[in-house]
Amino acid sequence: MVNLGNIWQNLVASQAPLQAMTGNATTMSGLATYTLPQLPYAYNALEPYISAQIMELHHSKHHQAYVTNLNNALQAHVAAITSNDIPAQIAQQPALKFNGGGHINHSLFWKNLAPAESPETNYSEAAPSLAAEIENTWGSFDGFKKAFSAALMGIQGSGWGWLIKESTAGTENSRRLRIVTTKDQDPVVGSGEVPVFGVDMWEHAYYLQYLNGKAAYVENIWKVINWKTAEERFQGSREDAFAELKALL
């Protein structure tokens, strides 16, 4: 039976999800209870590009819902295992994947945003190594921005756009950048893939401010990308990228 540890394999931990964990997680009867991470900035810190109203709803309501529903699904899954109810175990897999992915994606997303014109949003100074690789791959930052924005605009329905680093197995320091999209709340799960930064393209991320002007949201998100965090993820391993998230589980 596939459990949450299998869904999150190679992402957050090699430990089984039913094992009590440390950090900000609490436990009940040995079952980890996942918690909403605090934002590293105020709700109004990303204005005027992302409104305080959107940030508060997105974080305190939408992300919290993923956490709450993940905990509920885990409890139901444990009950199904205890009673050896295999159909019920199978029935919980979509909820575990969807809500677990939502928790992972949003926890990464908050960290790859920063107030506009802060040092973290200075592309060339905050991310020199990443900038060099972006320009090596796409010819220029403008070329990369155009390609990434096109990928975001091409998402049908709800999903995410990601810049990922791929490490080549067996080749030390070999890495390449790639733009990928994931549907709904599917997280980045490929072997050797590190999420450098991601952009939420669900309507709840922008609609209250931009209405149907998705292109304007995509244009403005570039003003609040935290390139310092992106550089750290690019320089580090997948384990490094998920270390802080793992501490919250």
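The values are calculated or read from the model by the stated rules, or taken from the named source; none is laboratory data. Keep in mind that this is a model prediction, so the values were computed, not measured. Reconstructed Cβ throughout: ideal geometry from the backbone, glycine too, with neighbour counts over all protein chains shown. Just so you know, the surface numbers come from the protein's heavy atoms only, side chains and all, with ligands and any DNA or RNA stripped out. Shrake-Rupley method; radii C 1.70, N 1.55, O 1.52, S 1.80 Å.
Odds and ends about this structure:
- Residue in the stretch 72-79 that is farther than 28 Å from L108 by Cα and either in a helix (DSSP H, G or I) or modelled with pLDDT of 95 or more (or both) present: yes
- Among the residues of the stretch 45-69, those identified as touching a residue at least 40 places away in the same chain (Cβ under 8 Å) and surrounded by 15 or more Cβ atoms within 10 Å (Cβ to Cβ) are A45, L46, Y49, I50, S51, I54, L57, H58, H59, H62, H63, Y66.
Per-residue answers, yes or no, for (1) surrounded by 16 or more Cβ atoms within 10 Å (Cβ to Cβ); (2) small (G, A, S); (3) free of Cβ contacts under 8 Å to residues at least 60 places away in the same chain:
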position	(1), (2), (3)
I104	yes, no, no
A114	yes, yes, no
W160	yes, no, yes
E166	yes, no, yes
P187	yes, no, no
E193	yes, no, yes
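- Scan of the stretch 195-226 for residues that are in contact (Cβ under 8 Å) with a residue 12 or more places away in the chain, open to solvent by 20 Å² or more (accessible area, probe 1.4 Å) and in a helix (DSSP H, G or I), ordered by number: E203, H204, L208, Q209, K214, A215, E219, N220, W222, K223
- Hey, L96 part of a helix (DSSP H, G or I), in contact with a Leu (Cβ under 9 Å, 6 or more places away or on another chain) and modelled with pLDDT of 95 or more or not: no
- Qualifying residue in the stretch 152-162 (condition: out of contact with any His (no Cβ under 7 Å at 6 or more places or on another chain) and assigned to a helix (DSSP H, G or I)): yes
- Any hit, the stretch 132-149, residues being among the acidic types (D, E) and in contact (Cβ under 8 Å) with a residue 24 or more places away in the chain: yes
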